[in-house]
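*Asks:* First, the structure itself, so that you have it in front of you.
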Amino acid sequence: MLDKAYDPKPVEERRLAAWEAAKLFDSSPRPGARPFAVVIPPPNVTGALHIGPALNDALQDALIRHHRMRGEEACWVPGADHGGIATQNVMEKQLKAEKTDRRALGREAFLERMQTWTRDCKKTILGQLRRLGCALDWTREAFTMDEPRAKAVFHAFKTLWDQGLIYRGERLVNWCVRCGTALSDIEVEREERKGGLYHIHYRGEGDWDGVVVATTRPETMFGDTAVAVNPKDVRWESAVGKKVLIPLIDRAIPVIEDAHVEFEFGTGALKVTPAHDQNDWEIGQRHQLPAIKAIAPDGKLTEAAGPYAGLSREKARDQVVADLEARGFLRKKEDHKSAVQLCYRCNSVIEPLLSLQWFVKQTELAKPALKALDDGRFKIYPETWAKPYRDWLLNIKDWCISRQIWWGHRIPVWYKEGEKPAVAERAPGPGWTQDPDVLDTWFSSALWPLAVFGWPERTKDLAYYYPTSVLVTGYEILYLWVARMQMMGLAFEGKVPFADALIHGIVRDKSGKKMSKSLGNVVDPLVLMDKHGTDALRFALLAQAHPGKDIAFDEQSVVGARNFVNKLWNSTRFVLMNLPERPPEGGYRLDRLDRKGLELADRWILSRAQSVLETAAKQLDAYDPAAAGDILYGFLWDEFCDWYVELAKARLQGPAGGAQEAARAILVAVLSSMLKALHPLTPFITEELCLALSPFSGDRAEFALKAGYAALSGWSDAAAEAEMSRVMAAVTAVRSLRAQLNVPPGLKIKAAVQGSFAPKILAEHRAYVSALARMESLEPFSARPPQSATAVSDGVTFYVPLAGVIDFAQERARLEKDLAKAETEIVKIEAKVKNPDFLSRAPQAQIEEARAQHAAAAARRDKLKETLAVLS
RNA sequence: GGGCAGUUAGCUCAGCGGUAGAGCACUGUCCUCACACGACAGGGGUCAUAGGUUCAAAUCCUAUACUGCCCACCA
């Protein structure tokens, strides 16, 4: 016998052990079967997973399990990403805590430590995935820096190099002073911050007045190589062509014209610092201006800054401003809001810096990706992300792929005096030295769907699983990752790496704030799993994961899901308690049922179950587990447990025989098919319960995944559904009467029934009504009992004698309230039914329905009025 | 400065052309023989605002107002 409450821990342990022992999730090409392949977004090896990836993984697992149950060869590839800068930063923090740093350690020793860290971290992360119940094919575990992936990276680099798409050049790049490396454009985040706008006087050379420029970054003035004004700006007309002196260092620079300069901003004069500002760089290109570096890669001012050399950016700004002010150059300081650029890994302010870097040309690579989107080979769900994705590809800029860190794939370019640089995996010969930089971590991530299947080798896996089916990820890496995989996949294989991308939202805290360590609002999925069970956590996340929508996550939602899981447990427990010790040969089978012998409730629940299963399957096909979860939850709780199980009790506890067997068979069939349908969402408990039911359900499969897809057919019965809803309404009317008149729950009432639906109730549904409304007897109405209360429903009126219990004033008030309800309903429907436009233009079915509603409401109203008249 | 979402019950969110829904919270009754992680009954919304289309609009269109996100070279 099952315990009274579900205890997740032993069940989860048991299921995990069984899955692993059976290698249940392994996949290999199976001719004839449709592949359904998914590659996991490889988590960075920066530490343990938080709740965000848990959602991402639960979504993928639901899809994988669903498609497995549909008979497809589902393959979900696990793995991890070395995570470049992010991971190196983690290690650097550790080293700092040990009062050392990577330079003291040396490159080789540092990398060795990184390897060890990586091994431990992967263990943690993959352990978490396992614990979540992820149906990952563990034999395929991949890492972006393991041997096969390194091979893929080299091959990709070489191919792009041979095609002339890779080049090296000195460009203005986003430089993170703290991380000590260049970043690509999309690795930079922006944040609006308050700062100052400084108006600085640049004296004229000779004896003219000079100009006043406005800048937010006075400390870069030592790198100025011009002052620019708009060609149409009459205010500065006379200054153009003359020279001004940079204050404090008195270097002369020309005043030039450039259309980029805005009239309204500041003074209309712009100081041009090509080496430290993107716009200025472009102006510099247009006017062949030199680029003078005023800030070094370490964030300190260079020799060009004269007396300020060696000061940090921040200190230099304060000092320069103070000196300008003291010497009368500072004309004005305004408050000013501007968007500062921040490193997406360490959040420090980015310095645009001129440096020698490697780039991949993007325009040509983007074209096939655009085409794939436009002709539908690649689809994004929800569609709303397609436009931003498209715009990004259209305006794509070259990708800076070199990083000045140690952790990553070393750039496979070798140098030697007097030779052209060579691309090779190993030194081409003695005297060659390798480029010290490593590749952007996203370079290897971009190859993930190819690399996990052995590319560039022509493997069977690649032929079978590629292109993969769907990629599940958050919108924050749409460009960083999704777009690049599309470009690379198309460039190297001519096929999209995945046909669909499912973009989900971000898990936020319950007040809607982004989770972050610094805010202290991060949620540890393991803690929640320990507390409430894995299925509960999964269901809570999935039930809220509407496509593309962020989730405001509250632990309360996990409690709610836990309650549902417990409801599954107890309903199965109840069914098992009411089954015989020995199951019938082959289990209960619906096809053995005598359809004519079925009761209304049977026909109703089977019809409903069939429809619910169909809908849930469609929703999972459409990548919407939230909708599937919602409908399954509602059906199981509100319809199956609250009505069907209650109705079946009479037969279960009654005499043995055909009626009892039918109830048992239907309970088993409906429950076990629902458990199977829920399996993609809550794999542990559903499988455990399916197994417990298996002798009765006739399901021989050892695992829910192998039990096949849950479906019923041939049970659709609209008439039964309609009739059942009338019965339910009648029951509810009596229950309501009882509650409102404070009839003790234990007290069984006598009732008489009247109305057009009454004969049917008396003949066929008497047992239902008297059981659920707790009646001692139910008779046809003959005469109104002296002290009785009345419950009016569609086609039925119940009279309940309640001598001594009933309070007439209360009863009147109750009926008047019902009457008021009926009246307002009638007013609404009457407006419709009496509207000639409605009658002439609405579809016939609508009209008929409205008329029927009107008639029913009117009948109810009349009955209530009549009752009230008797009472007064 | 562009673009995209959202604005529905106290809270979190479904619904997206035919009489307003769920979970949680709330009120009342009940430890009724699966489940108090429960049962039954109930209260609570002029579906942001203003127009329009339609027999019919939370649902479609157009504005407006907030909120959030993405993108962008106003120093």
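*Asks:* So which of A:Lys93/A:Lys123; A:Lys242/A:Lys300; A:Lys367/A:Lys397; A:Lys194/A:Lys397; A:Lys596/A:Lys760 end up more than 24 Å apart by C-alpha? Provide the component values of the computation, followed by the final result.
*Replies:* Working: A:Lys93/A:Lys123 21 Å; A:Lys242/A:Lys300 31 Å; A:Lys367/A:Lys397 13 Å; A:Lys194/A:Lys397 29 Å; A:Lys596/A:Lys760 17 Å.
Cα-Cα > 24 Å for A:Lys242/A:Lys300; A:Lys194/A:Lys397; rest within.
*Asks:* Let me ask something else. With every protein chain left in place, what is the accessible area per residue of chain A in square angstrom, probe 1.4 Å? If you can, show how the numbers build up before the last one.
*Replies:* Details: 38570 Å² over 872 residues.
The answer is 44 Å² per residue.
*Asks:* Leaving ligands, DNA and RNA out of it, report the carbon-plus-sulfur percent of the accessible area of chain A at a 1.4 Å probe. Intermediate values should be presented prior to the final figure.
*Replies:* Working: 19650 of 38570 Å².
Whole-percent figure for carbon plus sulfur exposure: 51.
*Asks:* Moving on. Mind checking the full-extension length gain between A:Ala552 and A:Ala252? Use 0.36 nm per residue of separation minus the Cα-Cα distance, one decimal, nm. It would help to have the intermediate numbers written out before the result.
*Replies:* Working: separation 300, 0.36 × 300 = 108.00 nm, distance 5.73 nm.
Between A:Ala552 and A:Ala252, full extension yields 102.3 nm more.
*Asks:* Classify chain A: rounded, prolate or oblate, from the alpha-carbon gyration tensor (a ≥ b ≥ c, eigenvalue square roots; a/c under 1.5 rounded; otherwise prolate if a/b is larger than b/c)? Numbers along the way, then the final one.
*Replies:* On the way: a/c = 2.96, a/b = 1.91, b/c = 1.55.
Prolate, since a/c reaches 1.5 and a/b exceeds b/c.
*Asks:* What is the set of long-range amide H partners of A:Lys332 at a cut-off below 5 Å, with H atoms built 1.01 Å from backbone N?
*Replies:* A:His199
*Asks:* Would you list, by chain and number, the lysines whose Cα falls below 17 Å from the Cα of A:Lys865, excluding same-chain residues fewer than 8 positions away?
*Replies:* Result set, ordered by chain and number: A:Lys817, A:Lys821.
*Asks:* Show me the ranking of peptides A:287-293, A:788-794, A:568-574 by mean Cβ neighbours inside 10 Å, starting with the highest. Walk me through the numbers on the way to the answer.
*Replies:* Working: A:287-293: 16.3, A:788-794: 23.6, A:568-574: 20.4.
Top to bottom by mean Cβ count within 10 Å: A:788-794, A:568-574, A:287-293.
*Asks:* Which FRET efficiency value, to the nearest 0.05, do you get for A:His260 and A:Ala48 by plugging their Cβ-Cβ distance into 1/(1 + (r/R0)^6) with R0 = 60 Å?
*Replies:* Working: r = 48 Å, r/R0 = 0.80.
Working from the Cβ atoms, E equals 0.80.
*Asks:* When only the heavy atoms of the protein chains count and the probe is 1.4 Å, how do A:Lys4, A:Lys495 rank by accessible area, highest first?
*Replies:* Details: A:Lys4 155, A:Lys495 100 Å².
Ranking A:Lys4, A:Lys495 by accessible area, largest first, yields A:Lys4, A:Lys495.
*Asks:* Using amide H atoms built in the peptide plane, which far-off residues or other-chain residues are under 5 Å from A:Val212 H to H?
*Replies:* Correct list: A:Tyr202.
*Asks:* For the pairs A:Lys371/A:Lys514; A:Lys649/A:Lys863; A:Lys649/A:Lys748; A:Lys158/A:Lys387; A:Lys271/A:Lys337, note any where the Cα-Cα span goes beyond 26 Å. Intermediate results must be reported in sequence, preceding the final value.
*Replies:* Details: A:Lys371/A:Lys514 35 Å; A:Lys649/A:Lys863 33 Å; A:Lys649/A:Lys748 17 Å; A:Lys158/A:Lys387 32 Å; A:Lys271/A:Lys337 19 Å.
Those over the limit are A:Lys371/A:Lys514; A:Lys649/A:Lys863; A:Lys158/A:Lys387.
*Asks:* In whole angstrom, note down how far apart the Cα centers of the stretch A:199-253 and the stretch A:292-335 are.
*Replies:* Using only Cα atoms, the two centres lie 16 Å from each other.
*Asks:* For A:Ala275, which sequence-distant residues (separation of 5 or more, or a different chain) have an amide H within less than 5 Å of its own amide H, given hydrogens modelled in the peptide plane?
*Replies:* Result for A:Ala275 returns A:Ile292.
*Asks:* What's the FRET efficiency of A:Arg168 with A:Val188 using the Cβ-Cβ distance as r and R₀ = 25 Å, to the nearest 0.05?
*Replies:* Details: r = 21 Å, r/R0 = 0.85.
Once rounded, the FRET efficiency stands at 0.75.
*Asks:* What ranking, highest mean first, results for peptides A:97-109, A:220-232 when packing means the other Cβ atoms within 10 Å averaged over each residue?
*Replies:* A:220-232, A:97-109
*Asks:* With n ≥ 4 as the cut-off for DSSP H runs, can you work out [θ] at 222 nm for chain A, using -39500 (n - 2.57) per run divided by the number of residues, rounded to the nearest 500? Intermediate values should be presented prior to the final figure.
*Replies:* Values: 27 runs with 369 residues, N = 872.
Computed ellipticity for chain A at 222 nm equals -13500 deg cm²/dmol.
*Asks:* If you average the C-alpha positions of the stretch A:560-604 and of the stretch A:59-137 separately, how far apart do those two centres end up, in angstrom?
*Replies:* If you average the Cα positions of each part, the centres end up 44 Å apart.
*Asks:* Tell me the angle of helix A:808-833 to the major Cα principal axis of chain A, expressed in degrees between 0 and 90 and rounded to the nearest ten.
*Replies:* In chain A, helix A:808-833 runs at an angle near 60 degrees to the longest axis.
*Asks:* Rounded to whole Hz and in sequence order, give me ³J(HN,Hα) for the stretch A:377-392 from the Karplus expression 6.51 cos²θ - 1.76 cosθ + 1.60, θ = phi - 60°, writing x for Gly and Pro.
*Replies:* Karplus values, whole Hz, x for Gly and Pro: 5, 10, 10, 10, 10, x, 4, 4, 7, 5, 5, x, 4, 5, 4, 5.
*Asks:* Ranked from highest to lowest mean number of other Cβ atoms within 10 Å per residue, what is the order of the peptides A:277-284, A:709-716?
*Replies:* Values: A:277-284: 19.9, A:709-716: 15.5.
Top of the packing list down: A:277-284, A:709-716.
*Asks:* Given the Cα-Cα distance of A:Asp638 and A:Glu141 and 0.36 nm per residue of separation, how much length would full extension add, in nm? Before the final figure, lay out each step's value.
*Replies:* Values: separation 497, 0.36 × 497 = 178.92 nm, distance 4.24 nm.
Extra length from A:Asp638 to A:Glu141 when fully extended: 174.7 nm.
*Asks:* Something else about it: Taking all protein chains together and a probe of 1.4 Å, list A:Lys271, A:Lys420 from the most accessible to the least accessible. Show your work: numbers first, answer last.
*Replies:* Values: A:Lys271 5, A:Lys420 170 Å².
Sorted by accessible area, descending: A:Lys420, A:Lys271.
*Asks:* I would also like to ask the following. Round to a whole angstrom and tell me the spacing of the C-alpha centers of the stretch A:805-819 and the stretch A:438-500.
*Replies:* 70
*Asks:* Continuing with the same structure: Protein chains only, probe 1.4 Å: how do A:Asp26, A:Asp57, A:Asp594 rank by accessible area, largest first? Let's see the in-between values first.
*Replies:* Numbers: A:Asp26 55, A:Asp57 5, A:Asp594 100 Å².
Greatest to least solvent exposure: A:Asp594, A:Asp26, A:Asp57.
*Asks:* Turning to a different aspect of this structure: Please give the length that would be gained between A:Asp524 and A:Ala855 if that part of the chain were fully extended, namely 0.36 nm times their separation in residues minus their C-alpha to C-alpha distance (nm, one decimal). Show your work: numbers first, answer last.
*Replies:* Details: separation 331, 0.36 × 331 = 119.16 nm, distance 5.70 nm.
Computed gain between A:Asp524 and A:Ala855 is 113.5 nm.
*Asks:* What does the charge count around A:Ile200 come to, taking other residues whose C-beta lies under 13 Å from its C-beta (Lys +1, Arg +1, Asp -1, Glu -1)? List each step's numbers first, then the result.
*Replies:* On the way: positive: A:Arg203, A:Arg217, A:Lys271, A:Arg317, A:Arg327, A:Arg331, A:Lys332, A:Lys333; negative: A:Glu219, A:Asp224, A:Asp323, A:Glu325, A:Glu334.
Around A:Ile200, the charge tally is +3.
*Asks:* Please list, by residue number, everything in the stretch A:134-150 whose backbone N is under 20 Å from a paramagnetic label point 7 Å out along Cα→Cβ of A:Arg30.
*Replies:* A:134-141
*Asks:* If you don't mind, another one. Using 1/(1 + (r/R0)^6) with R0 = 35 angstrom and r between the beta carbons of A:Ile847 and A:Lys817, what's the FRET efficiency to the nearest 0.05? Spell out each step's value before the answer.
*Replies:* On the way: r = 30 Å, r/R0 = 0.86.
Plugging the Cβ-Cβ distance into 1/(1 + (r/R0)^6) gives 0.70.
*Asks:* By how many degrees, 0 to 90 and rounded to 10, does the Cα axis of helix A:313-326 deviate from the longest principal axis of chain A?
*Replies:* Once rounded, the angle reads 60 degrees.
The values are calculated or read from the model by the stated rules, or taken from the named source; none is laboratory data. None of the values given here were measured: they were computed from a predicted structure. Every residue, glycine as well, gets a Cβ built from its backbone with ideal geometry; the counts of neighbours run over all protein chains shown. The area values use the complete protein model at the heavy-atom level, side chains included, leaving out ligands, DNA and RNA. Shrake-Rupley method; radii C 1.70, N 1.55, O 1.52, S 1.80 Å.
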